[in-house]
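Trainee: Input: one structure, supplied below.
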Amino acid sequence: PASGFLETILSILHHTIYICAPLALIIQRKARAQNCTMQLSLPAVLLASASLTLAAPTAAMSKGTAAKMNTRLAKAVRPHFLNAVNKVSRDVSRKAGEETLSAGGTAPFGKFWDPAGFSKDITPNELKRYRESELTHGRVAMLGTLGFLTQEAFHPLFGGDIDGPAIKHFEEIVAKAPTFWYPVMLAIAVAELGRARIGWQDPFDGGSLFGLREGYTPGDIGFDPLGLKPQNPADYINMQNKEINNGRLAMIALAGFIAQELVNGKPIVN
């Protein structure tokens, strides 16, 4: 009985450390990948060493006892282990996100809200690229939302014949003036190329094809003709939060406009 009790205790200790060691290594790997400031190398090494040290006594156990203990402990511990790994992954991703992105997190969601886990297992540069994409789409959506409401109510071009739901205006313009969109597309291409040369790495000069330049702030291409950019850092972050939140709302609103007009075939303001 004493030897069976000892085997049980040793097995429990072994499995506990067996769980903690890879968990610590996961934390360490995530922190390094995210350039996180957490100092985790010493705990990871200690836990891994303890795992190897306590693994030896279980070798003396009989195969049958070890197999039963392994099965029971695995079933009991697996859900807790997976939950712990997921929580650590979310916490490290959130910590890295807060350090990489200074703006975009507002109440009630906190400094960094990522319930879908898009920031999991990505580098800080990739996270900044996601923010660059969010800002760009948000700005386009704000202009698009305003454009939907304006062009449906006021459309003097082409003799005022381009009317009705905004989702059909593109085809109506093509039918009336087939070459109208060529200079528009050229202007968009020039603007996008200029933006890319400011914020994105040059793949022909050894840079990444989809990487942002070091030191580049997502969305800040130096275009501020009205001088609205605050000089105070706190005011600047506040303005960034306003732009991001309005852009997010505009993306949802524009999707709603398009869906509504596809369903009922009528202008938004009718």
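Trainee: With θ taken as phi - 60° and the coefficients 6.51, -1.76 and 1.60, list the Karplus ³J(HN,Hα) couplings across the range 105-118 in order, rounded to whole Hz; mark glycine and proline as x.
Mentor: Each residue of the range 105-118 in turn: x, 10, 5, x, 8, x, 6, 8, 10, 9, x, 7, x, 5 Hz.
Trainee: As a test question: what accessible area, to the nearest 10 Å², does Lys120 have when a 1.4 Å probe is rolled over all protein chains in place?
Mentor: In the full protein context, Lys120 sits at about 90 Å².
Trainee: Measure up Lys128/Lys168; Lys168/Lys229; Lys168/Lys242; Lys111/Lys229 against 26 Å on the Cα-Cα distance and list the ones that go over. Walk me through the numbers before you get to the answer.
Mentor: Numbers: Lys128/Lys168 35 Å; Lys168/Lys229 37 Å; Lys168/Lys242 31 Å; Lys111/Lys229 22 Å.
Going by Cα-Cα distance, Lys128/Lys168; Lys168/Lys229; Lys168/Lys242 fall outside the 26 Å limit.
Trainee: Next question. Which cross-chain or sequence-distant (5 or more) residues have an amide H under 5 Å from the amide H of Leu212, H modelled 1.01 Å from N in plane?
Mentor: Amide H neighbours of Leu212, under 5 Å, 5+ apart: Gln201.
Trainee: So how exposed is Arg248, as accessible area in Å² (1.4 Å probe, rounded to 10)?
Mentor: So the heavy atoms of Arg248 present about 70 Å² to solvent.
Trainee: Indicate the gyration tensor shape class of the range 169-253 (rounded, prolate or oblate), computed on the Cα atoms with a ≥ b ≥ c the square roots of the eigenvalues: a/c under 1.5 is rounded; otherwise a/b larger than b/c is prolate and the rest oblate. Please report the intermediate quantities before stating the final value.
Mentor: Details: a/c = 2.36, a/b = 1.34, b/c = 1.76.
The shape class here is oblate.
Trainee: What is the set of long-range amide H partners of Gly207 at a cut-off below 5 Å, with H atoms built 1.01 Å from backbone N?
Mentor: Answer set, sorted by chain and number: Asp202.
Trainee: Express in % the proportion of alpha carbon pairs of the range 121-270 at distances exceeding 25 Å. Could you put the intermediate results ahead of the total?
Mentor: Numbers: 5083 of 11175 pairs.
Result: 45 percent of Cα pairs exceed 25 Å.
Trainee: At 1.4 Å probe size, what's the solvent-accessible area of Ile162? Round to the nearest 10 Å².
Mentor: Accessible area of Ile162: about 10 Å².
The values are calculated or read from the model by the stated rules, or taken from the named source; none is laboratory data. This is a predicted model, so every value here is computed, not measured. Remember, those area values only see protein heavy atoms, side chains included, never the ligands or the DNA or RNA. Shrake-Rupley method; radii C 1.70, N 1.55, O 1.52, S 1.80 Å.
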